[in-house]
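The values are calculated or read from the model by the stated rules, or taken from the named source; none is laboratory data. As the structure is a computational prediction, the values presented were derived from the model and not from experiment. Cβ placement follows ideal geometry from the backbone for every residue including glycine, while neighbour counts extend to all protein chains displayed.
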Amino acid sequence: MKPRRTRPFLLLLLLFATGLLLGGCGSTPLPFRLTNISGHMPDLDFRLTDDSGKPVTGADYRGKVVLLYFGYTHCPDVCPLTLAQLHVVMQRLGPLADGARILFVSVDPARDTPAIMHAYVNAFDKRAVGLVGDARSVEALSKRYRSAFTREPSSADGTYEVSHSSAIYVFDNHGRARVLATPSASQDDLVHDLHLLLDPGINP
Amino acid sequence: MKPSRLSLLLAGLLLAGGAHAAAADHVRASHAWIRVLPGALPAGAYVTLENDGDQPVALSGADSTVYADVMLHRSSTAGGMSRMSMVDSLEVPAHGKAVLAPAGYHLMLMQPKAPVKAGDTVRLTLKFTDGSTLATDFVARPANALDDTGH
Ligand SMILES: [Cu+2]
């Protein structure tokens, strides 16, 4: 009987210790439904230009929950679908969504100017920001998150095809990588996990 | 008797011809819509094709007076990467259907000659591999639409 009684106490102690440990690493463990990447990916960091032409860094988005997605504006199918789905997710979050930003990073620096990016992202959601940069800066950001993209010439008319990482990386308001969503992830799960990160009652 | 026999034969030939009618005659298009993107950016067009014939038919592309170039494309995701590739044709099985929908098959509309805005109707002439065509009206939807119903 006695050992049984002490067990809940030990368990609590263990939980408390784990909480302290993880707390020490900086982020509160949250019951995410999507792939949890807390502690496995570096903090949000980049040097790019936003869609108003202003130079920005990852630090400029501290205080916001960030949804990072790579794509390009000459992408008429998958990129718009993903951004349209993210818009629905933002709508479902209601006023909490004001604490989040969709960062759409162009992997096509040759064609995507801040002006084109501005028109493109705003056609989906007012809380979306288009980011452009030279090939090296974009590559640095992409590599940082083990994401990839390629450009290959397609036809004789000089156009080229782009393939790009389909994942959405979610960062908390301290710029820490928290969850990874694939395009097939359910909207409910994304809303659920963003809610955990955005609700000050859950994640102060 | 002879003339009527001839006319029967002719009628028979016509019927036989009917059985091998153009692919487009057996295809019904529905849920036709275009996702409009800003400026002169390429847009994706989507449609559901139903074939009530006994033979499979194949879509090979489309023509439009509004866009300088239209291509049949397919998006795919493998190994965490998304890509688009050109396809020669898309089969619509006998008594079956083929769906062009986001993240799969689509008609890529390039170089609009005049701005297309949400709410517009754009006529595309769908082309089949036997050379037959089907004029179809596509409704232009906003960039952040998820399907043809406006959700
Ligand atoms: Cu395409």
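So the values come out like this:
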| read-out | value |
| --- | --- |
| Matching residues, segment A:149-186, being among the acidic types (Asp, Glu) and modelled with pLDDT of 70 or more | A:Asp172 |
| Residue within segment A:90-102 that is modelled with pLDDT of 95 or more and within 11 Å of chain B (Cβ to nearest Cβ) present | yes |
| Condition check for B:Arg83: touching a residue at least 24 places away in the same chain (Cβ under 8 Å) and either within 14 Å of another protein chain (Cβ to nearest Cβ) or farther than 21 Å from A:Leu81 by Cα (or both) | no |
| Any chance B:Leu107 is under 29 Å from A:Ser147 (Cα atoms), within 12 Å of chain A (Cβ to nearest Cβ) and at pLDDT 95 or above | yes |
| Only listed residue being assigned to a loop (DSSP other than H, G, I, E, B) and of a type in the set (A, V, I, L, M), chosen from B:Ala145, B:Ala140 | B:Ala145 |
| Subset of segment B:101-138 (residues that are on the phi > 0 side of the Ramachandran plot and away from the ligand (no atom under 16 Å from the Cβ)) | B:Gly119, B:Gly131 |
| Some residue of segment B:88-99 being within 14 Å of chain A (Cβ to nearest Cβ) and within 16 Å of A:Pro76 (Cβ to Cβ) | no |
